[in-house]
1. For residues that are over 18 Å from Ser192 (Cβ atoms) and open to solvent by less than 10 Å² (accessible area, probe 1.4 Å), tally how many sit in segment 1-46.
2. Among the candidates Gly353, Gly313, which residue alone is surrounded by 23 or more Cβ atoms within 10 Å (Cβ to Cβ) and either within 13 Å of the ligand (Cβ to nearest atom) or over 29 Å from the mean Cα position of the chain (by Cα) (or both)?
3. If you go through segment 403-417 one residue at a time, how many are within 12 Å of the ligand (Cβ to nearest atom) and in contact with a Ser or Thr (Cβ under 8 Å, 6 or more places away or on another chain)?
4. Look through Glu164, Glu185 and report the one residue that is within 23 Å of Gln43 (Cβ to Cβ) and open to solvent by 10 Å² or more (accessible area, probe 1.4 Å).
5. Picking from Ala275, Ala244, which residue would you name as being open to solvent by less than 30 Å² (accessible area, probe 1.4 Å) and either within 22 Å of Glu491 (Cβ to Cβ) or over 19 Å from the mean Cα position of the chain (by Cα) (or both)?
6. Do we have Gly224 as surrounded by fewer than 19 Cβ atoms within 10 Å (Cβ to Cβ) and modelled with pLDDT under 95 here?
7. Being more than 17 Å from Arg334 (Cα to Cα), modelled with pLDDT of 95 or more and in contact with a Lys or Arg (Cβ under 9 Å, 6 or more places away or on another chain) narrows it down to one of Leu416, Leu411, so name that one.
Amino acid sequence: MCGIVGYIGHENATDIILDGLRRLEYRGYDSAGLAVLNGSGVQVHRAEGKLLNLEKEVFRAAPKGEIGIGHTRWATHGGPTERNAHPHKVGQVLVIHNGIIENYDKLRKKVAKDTSRVFESDTDTEVIAHLMDHYLQQGRTAFEAFKKTLKDLEGSYAIAVLHEEDPDHLYLARCGSPLVLGVGESSHHLASDIPALLPYTREVIFIEDGDYGILSTDKVELYGEDDKAVTRPVKHISWDQSMAEKGGYRHFMLKEIFEQPEAVSQTLTGRLGKAHKEVILEGMEHLMPAKGFPFEKVYIVACGTSYHAGLVGQYLMEGMARIPVVIDNASEFRYRNPIIDKKTLVIAISQSGETADTLAAIQQAKKQGAKILSICNVIDSSIPRASDETIYTQAGPEIGVASTKAFVTQLTVLTLLALEWAGRTGQLKKADLEKAAGDLKRLPQKIKQVLDLNDEIKELAKRYTEVRSFLYFARGLHYPIALEGALKLKEISYIHAEGYSAGEMKHGPIALIDKGMPVLVLAPKEDATYEKVIGNIEEVKARGAEVIAVASRGDKAISERVEHVLYVPKAPLFLQPILEVIPLQMLAYHIADHKGTDVDQPRNLAKSVTVE
Ligand code: F6R
């Protein structure tokens, strides 16, 4: 996720900005830049790759000034190149931005029509600078032009802006992306996150969504959504640097679990239409005509957690769009001599975009004539580059080795695909699609409600730190979530855990059950197999199992049958996997944390598996 830093005061802005960017490195980025302003003009430096490259540029011609902005960019629109790095300068306006401007294409056309403008980057951000310049040219003051620009923007953003001829003011705005303000002595700092502020001040103001304003050395002017002046409280931060990087959480994994409402919301941004009544997937036109579904089958390839997302995708695509879907571990696919040809669409799912087996599977599939659609979280990584088209999840960088927010955003994209295709195959009518889009729009809110289970799960987890084994079972669409829950637990707590389809229990695994064996069961009331799952619960209980059920809110009856119930909000069936996996992530996390394992970097595992 991009990092923003801004400074106005009486010290050397370049040093403060570079230091702030270094302290935001943990957020992940692939290019960086800064702009520093003084009475005689602005100096801008940008560089691809690590901050070291930017530092080399800066040291060659160290910019002097007491006001500046800096940015580390996690590419979303346009590759990780120098020309796409921020700040973007148009006329006298310099902009850095974190988030996604949903209507950037429309805005680009708007400014390009009025004037003869040249866009120098592929980013959604550059349009902000063009718009503000456009309004300046109409005779507005810098602040008026800034305000008018904000009114045009749809999507999410944290923005910092400089005006070349105004070294006394720094402009800021926030809508859906993080932005905090540090209050120093005769200085103000801006940042995406607290670690960048800590060496300079511990007094911070959390800018709220819809706020915008102007900073000078000794004054903060903030305005709310209704353009009225607002005052936000100054808070004292006592965290140390490492706690601050994790947003006050003990581990990145927990932070990332809590980032899931935002990650899903970002992944949906621009994909539900303006009125949130349709599904729009950019790039689909490169794979298929406007109507119909031209492939005979879909073949999903992925590894680990991404494979589990693929299993849910298979249920959704077959169930909703009635398109045949085959799925395989990428490591098996490549040696299977799979039956695919140009009538097959291969979907490769990968958080990192670098997994060697998945990449090899793509190459194999291409040789056999298939088209490749990838679902990936890292722009321009190897897998998107090898694919015909990519749909990016917008989870932001995931630092904990155990995948959490990347998984739920993969599920979100697969759900969007299944819905879009169900429209194409005529399995869902316009009204059904409108309803589903509305349900998706409300999903981040439901995820927030599931996160409220955290304290309850933390307490519950204490019971299981010493167990040797854990079983997870479920049916249908929920079965891959049982697999994922078991994978999370074994990865980070080193407790042996297995996921099974509930119907398979009596074909072998039930032999494992004896007194006190923990069994987690996904038992959503709305599912057609609910009664059968209850039957499976009775079977394991009769053999002494201790059962935790993940159930639908309001299902009181289930609490009489099991030792513990974790209730998740009611939701349409196709969204339940996303809600159900969250308590399982939290259970794995807290068991591991109570045990004292290295949660973020479990033994023997790597974040990106680039070898076979
Ligand atoms: C588990 C996990 C791994 C990855 C797998 C594939 O928490 O993260 O199982 O899912 O290594 O990685 P990607 O998605 O990067 O291809």
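The values are calculated or read from the model by the stated rules, or taken from the named source; none is laboratory data. Note that the coordinates shown come from a computational prediction; the quantities given were computed from them, not determined experimentally. Virtual Cβ from ideal backbone geometry, glycine too; neighbours counted across all protein chains shown. With ligands, DNA and RNA removed, areas are computed over all heavy atoms of the protein, side chains included. Shrake-Rupley method; radii C 1.70, N 1.55, O 1.52, S 1.80 Å.
1. So the count comes out to 4.
2. Numbers: Gly313 fails: either within 13 Å of the ligand (Cβ to nearest atom) or over 29 Å from the mean Cα position of the chain (by Cα) (or both).
Selected residue: Gly353, the only one of Gly353, Gly313 that is surrounded by 23 or more Cβ atoms within 10 Å (Cβ to Cβ) and either within 13 Å of the ligand (Cβ to nearest atom) or over 29 Å from the mean Cα position of the chain (by Cα) (or both).
3. 5
4. Numbers: Glu185 fails: within 23 Å of Gln43 (Cβ to Cβ).
Only one candidate qualifies: Glu164.
5. Details: Ala275 fails: open to solvent by less than 30 Å² (accessible area, probe 1.4 Å).
Only one candidate qualifies: Ala244.
6. Considered against the rule, which asks whether it is surrounded by fewer than 19 Cβ atoms within 10 Å (Cβ to Cβ) and modelled with pLDDT under 95, Gly224 comes out as no.
7. On the way: Leu411 fails: in contact with a Lys or Arg (Cβ under 9 Å, 6 or more places away or on another chain).
Exactly one residue qualifies, and that residue is Leu416.
Condition check ((1) in contact with a Phe, Trp or Tyr (Cβ under 7 Å, 6 or more places away or on another chain); (2) outside the structural domain of Gln601 (by TED's automatic domain parsing); (3) open to solvent by 30 Å² or more (accessible area, probe 1.4 Å); (4) under 18 Å from Ala545 (Cα atoms)) across all residues:
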| site | (1), (2), (3), (4) |
| --- | --- |
| Lys458 | no, no, yes, no |
| Ala461 | no, no, no, yes |
| Glu466 | no, no, yes, yes |
| Ala474 | no, no, no, yes |
| Leu483 | no, no, yes, no |
| Glu491 | no, no, yes, no |
| Ile495 | yes, no, no, yes |
| Pro518 | yes, no, no, yes |
